[in-house]
Amino acid sequence: MVAMQLEPIGPNIWVANGTEIKFMGLLLGTRSTIVRLNDGSVWMHSPVSYNCDLATEIENLGPIRYLVAPNIYHHFFLKEWQDHYPNAELIGPHDLPAKRPDLTFAALFDDLRCDPWFGEIDRVAFTGSRAFDEHVFFHRASRTVILTDLIVNVRLDNQSTLGRLIAHIEGVAYPNGRTPLLYRLGMRDRAAGAKAVAAILGWGATQAVISHGEWFREHATQELRKRLAWLPL
Ligand SMILES: [Fe+2]
């Protein structure tokens, strides 16, 4: 029997772990979060690499309606999903189309109230960094925050010696992973970042999924507060 790739983590929400990528000397796992909306359609955050079995599992949940790019870095696997699901609407940040002119965007993040999933999934734009701004989501029904690169929490077992060193320097080693140093150093408007963090904490999430490393299955709000404490609250 083939192992299931979707792991249910609450009402109408699943995660799927994808292939590992190499990034700045670190081996990073990838993770997508999948939500089934009230109309039965599927919302897919930061798609992991495409494979037929995963696609079938997702199709069994409902038609794939939205492909979500949360920042300008998580675009590696969008094309393959868009090629397989040309009717799915790709939505992403303003600077991504220039970087990936081969992708077709249905919309770009703008006013929150224009999000087609408004009322079911909340969104906060984390801004103030030079390069790493990202859109953070909250699935109300499961009280789940969905982060991308704002917190990284990687196990060191499979890292090279250099990778382990980098993980410690970047501050992203499990179990104490937090915002990567590069991200923190690039903040030019800490007040903007702090405002976003306050909004994120205000959701009162019970769990928080991240894209790289171990995510937070319980006590999410406390975990987020601790790991985002580098910003003044
Ligand atoms: Fe990432």
### Task
Could you tell me whether Leu61 is buried (at least 16 other Cβ atoms within 10 Å of the Cβ), touching a residue at least 40 places away in the same chain (Cβ under 8 Å), in a helix (DSSP H, G or I) and not aromatic (Phe, Trp, Tyr)?
no
### Query
Which of the helices (runs of 4 or more DSSP H) contained wholly in segment 158-212 include at least 3 residues that are more than 15 Å from Phe23 (Cα to Cα)?
190-202
### Message
Restricting to segment 134-157, name every residue that is in a loop (DSSP other than H, G, I, E, B) and touching a strand residue (DSSP E or B) at 6+ places or on another chain (Cβ under 9 Å).
### Response
Arg140, Ala141, Ser142, Arg143, Leu147, Thr148, Asp149, Leu150, Ile151, Val152, Arg155, Leu156
### Task
Give the number of residues within segment 156-169 that are more than 16 Å from the ligand (Cβ to nearest atom) and touching a Gly at 6+ places or on another chain (Cβ under 7 Å).
1
### Query
Out of all the residues in segment 86-119, which are under 15 Å from His45 (Cβ atoms) and either at pLDDT below 95 or within 16 Å of the ligand (Cβ to nearest atom) (or both)?
Gly92, Pro93, Leu96
### Task
Inspect segment 180-188 for any residue being surrounded by 16 or more Cβ atoms within 10 Å (Cβ to Cβ) and over 28 Å from Asn158 (Cα atoms) and give the result as yes or no.
yes
### Summary
(1) away from the ligand (no atom under 16 Å from the Cβ); (2) farther than 19 Å from Ile9 by Cα; (3) not basic (Lys, Arg) all hold for Ala220 apart from (2)
### Message
On the basis of being more than 16 Å from the ligand (Cβ to nearest atom), in contact (Cβ under 8 Å) with a residue 12 or more places away in the chain and basic (Lys, Arg), does Arg31 make the cut?
### Response
no
### Exclusive hit being touching a helix residue (DSSP H, G or I) at 6+ places or on another chain (Cβ under 7 Å), crowded, with 16+ Cβ neighbours inside 10 Å and among the acidic types (Asp, Glu), set Glu170, Glu134
Glu170
### Message
Looking only at residues that are in contact with a strand residue (DSSP E or B) (Cβ under 8 Å, 6 or more places away or on another chain) and not in a loop (DSSP other than H, G, I, E, B) in segment 70-85, which one is farthest from the ligand (Cβ to nearest atom)?
### Response
Gln82
### Message
Quick check on Pro232: is it over 29 Å from Glu7 (Cβ atoms) and part of a loop (DSSP other than H, G, I, E, B)?
### Response
yes
### Query
Residues of segment 125-151 being farther than 22 Å from Lys195 by Cβ and either within 17 Å of the chain's Cα centre (by Cα) or within 16 Å of the ligand (Cβ to nearest atom) (or both), which ones?
Ser142
### Task
Tell me which of these Trp215 doesn't satisfy, since it passes every other one: (1) closer than 30 Å to Asn12 by Cα; (2) in contact with a helix residue (DSSP H, G or I) (Cβ under 9 Å, 6 or more places away or on another chain); (3) touching a residue at least 60 places away in the same chain (Cβ under 8 Å).
(2)
### Task
Residue by residue through segment 174-197, note down the ones that are of a type in the set (A, V, I, L, M, F, W, C) and either closer than 12 Å to Val136 by Cβ or within 16 Å of the ligand (Cβ to nearest atom) (or both).
Leu181, Leu182, Ala196, Val197
### Query
Here is a list of conditions, (1) more than 13 Å from Ser211 (Cα to Cα); (2) in contact with a Ser or Thr (Cβ under 6 Å, 6 or more places away or on another chain); (3) surrounded by 17 or more Cβ atoms within 10 Å (Cβ to Cβ), and Ile9 meets all of them except one; can you say which number that is?
(2)
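The values are calculated or read from the model by the stated rules, or taken from the named source; none is laboratory data. Computed from a prediction, not measured in an experiment: that's the story for all the values here. Note that each Cβ is placed from the backbone with ideal geometry, even for glycine, and that neighbours are counted across all protein chains shown.
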